[in-house]
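**Student:** After the structure tokens below, expect a handful of questions from me.
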Amino acid sequence: MIAFVSGGARSGKSEVAERLARECRQAGGGTLYYLATATASDAEMAARIARHRRDRGAEWHTREAPLALGSALDGIDPGSSVLLDCLTLWASRARFEAGFDSATGTAQFEALLVATRARSLDLVVVSNDLNEAVLPGDLATRGYVAFLQCLHRQLAREADRVVEVVAGIAIDWKSPSA
Amino acid sequence: MQLFIGGAGAGKHAAVSERFPTARWHRLTPGDALDAWNESLADGMILVVTGWTAWLEAALAVERDDDRLRGRLVAALETLAVVESEAGSPVVLILPEMGRGIVPMEPELRRLRDLVGWLAQDAAARAEAVWYVRHGLIKALK
């Protein structure tokens, strides 16, 4: 199963996503993997990462999400659940550090989705909804939002489940049963 | 009247194109009269009206009174409703959602986001159907 969980800042998306990943794993009995996208660029970010890690608990195996997302799942056993948290940060590295255009970004992301299905894994992707605000006028930010929205539409199209989180409450946009 | 509302890059245009492949599209031109859409009207053809953000950006630079500008938009919506019933041309509006971020520092952007929000409310109140487009998926709100 591939799931897409998004919402605003501190809406509770990580908790909802972790619960989803755990539920998938219970059915299969595999391992829980956490694909981290954040780097500790300053003290606030380091504290934020530590808080997330503490909230998740020790059962999660943490890995760095590489820019070449297709290789992110190498060596992970079938039946495991993988949580990518969050796509917004991966997209900002892909865009601003690696200079990916939309075609490269969606191709890298597609490789992750294909690898998920090929390896019989469950994947839950967390992201931020950034596109319902007044956007800054500069082209770099607008280009980034357009890039991120390409990934969001691609993921929403291919995911089995799409969930919006508001104040910790999960709102279903797409579910396997529907 | 039908409304498709969603954020930047949400997939509104694709959603409307898919549902109304034969519709005529009218993109509002900044600085032009709102009823320039009359040129795009044809009996029985669906009319899609888009380009509200750019039109409003230009309009609020000229009209300093937000209530008057909102009033002009409401009048235009009511005209559209009449046109729709008289000409038998269903109208589809594509509207942006931009009200969910931090309050902008620039006064003109605060006005823009207010006017876009009011426009959405005023249009939704008059529409038979309202659709929320989010990451390419669609939910019926009305």
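**Student:** Taking the stretch B:5-17, which residues are under 16 Å from A:ARG157 (Cβ atoms) and either away from every other protein chain (no Cβ under 13 Å) or at pLDDT below 95 (or both)?
**Tutor:** Matches in the stretch B:5-17: B:SER17 only.
**Student:** So which pairs qualify, if the first residue must be in the stretch A:1-14 and touching a residue at least 40 places away in the same chain (Cβ under 8 Å) and more than 20 Å from A:ARG25 (Cα to Cα), the second must be basic (Lys, Arg) and outside any loop (DSSP other than H, G, I, E, B), the Cβ gap must be under 7 Å, and the two must be at least 6 apart or on different chains?
**Tutor:** A:SER6/A:LYS13; A:GLY7/A:LYS13
**Student:** Condition check: exposed (fewer than 14 other Cβ atoms within 10 Å of the Cβ) and within 22 Å of A:LEU130 (Cα to Cα). Does B:ALA14 satisfy that? If you could, list the steps in order and put the result at the bottom.
**Tutor:** Working: exposed (fewer than 14 other Cβ atoms within 10 Å of the Cβ): yes; within 22 Å of A:LEU130 (Cα to Cα): yes.
So B:ALA14 passes the test.
**Student:** Would you say A:ARG161 is within 22 Å of A:TYR33 (Cα to Cα), crowded, with 16+ Cβ neighbours inside 10 Å and modelled with pLDDT under 95? Before the answer, list the steps.
**Tutor:** Numbers: within 22 Å of A:TYR33 (Cα to Cα): yes; crowded, with 16+ Cβ neighbours inside 10 Å: yes; modelled with pLDDT under 95: no.
When the stated conditions are applied, A:ARG161 does not pass them.
**Student:** Out of everything in the stretch B:17-57 that is under 22 Å from B:ILE138 (Cα atoms) and free of Cβ contacts under 8 Å to residues at least 12 places away in the same chain, what residue ends up being surrounded by the most Cβ atoms within 10 Å (Cβ to Cβ)?
**Tutor:** Result: B:ARG19.
**Student:** Follow-up. Do we find a residue being within 11 Å of chain A (Cβ to nearest Cβ), within 22 Å of B:LEU34 (Cβ to Cβ) and in contact with a helix residue (DSSP H, G or I) (Cβ under 7 Å, 6 or more places away or on another chain) anywhere in the stretch B:114-137? Outline the logic, then answer.
**Tutor:** Step one: list which residues in the stretch B:114-137 are within 11 Å of chain A (Cβ to nearest Cβ), which gives B:114, B:116-117, B:132-137.
Restricting the remaining residues to those that are within 22 Å of B:LEU34 (Cβ to Cβ) gives B:114, B:116-117.
If we keep only those that are in contact with a helix residue (DSSP H, G or I) (Cβ under 7 Å, 6 or more places away or on another chain) too, we end up with B:114, B:116.
The answer is yes; a qualifying residue exists.
**Student:** Among the numbered criteria (1) crowded, with 17+ Cβ neighbours inside 10 Å; (2) closer than 17 Å to B:ASP35 by Cα, which single criterion is violated by B:SER85?
**Tutor:** (1)
Residue by residue, here is whether (1) modelled with pLDDT of 95 or more; (2) exposed (fewer than 14 other Cβ atoms within 10 Å of the Cβ) holds:
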| residue | (1), (2) |
| --- | --- |
| A:ALA3 | yes, no |
| A:GLU15 | no, no |
| A:ASP42 | no, yes |
| A:ILE49 | no, no |
| A:ASP55 | no, yes |
| A:GLY75 | no, yes |
| A:SER80 | no, no |
| A:ASP85 | no, no |
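**Student:** Looking for whichever is surrounded by fewer than 18 Cβ atoms within 10 Å (Cβ to Cβ) and either touching a Gly at 6+ places or on another chain (Cβ under 6 Å) or in a strand (DSSP E or B) (or both) here; the options are A:ALA111, A:ALA94. Which one fits? I'd like the intermediate steps shown before the answer.
**Tutor:** Values: A:ALA94 fails: surrounded by fewer than 18 Cβ atoms within 10 Å (Cβ to Cβ).
Only one candidate passes the filter, namely A:ALA111.
**Student:** Okay, moving on. Looking only at the stretch A:148-158, which residues are over 13 Å from the mean Cα position of the chain (by Cα) and either at pLDDT below 95 or more than 9 Å from chain B (Cβ to nearest Cβ) (or both)?
**Tutor:** Matches in the stretch A:148-158: A:GLU158 only.
**Student:** Still on this structure, I have one more. Quickly run through the stretch B:94-112 and pick out the residues that are surrounded by 11 or more Cβ atoms within 10 Å (Cβ to Cβ), over 10 Å from A:GLU132 (Cα atoms) and among the aliphatic types (A, V, I, L, M).
**Tutor:** Within the stretch B:94-112, B:ILE94, B:LEU95, B:LEU109, B:LEU112 meet the criteria.
The values are calculated or read from the model by the stated rules, or taken from the named source; none is laboratory data. This is a predicted model, so every value here is computed, not measured. Cβ sites come from the backbone with ideal geometry, for glycine too, and all protein chains shown count toward neighbours.
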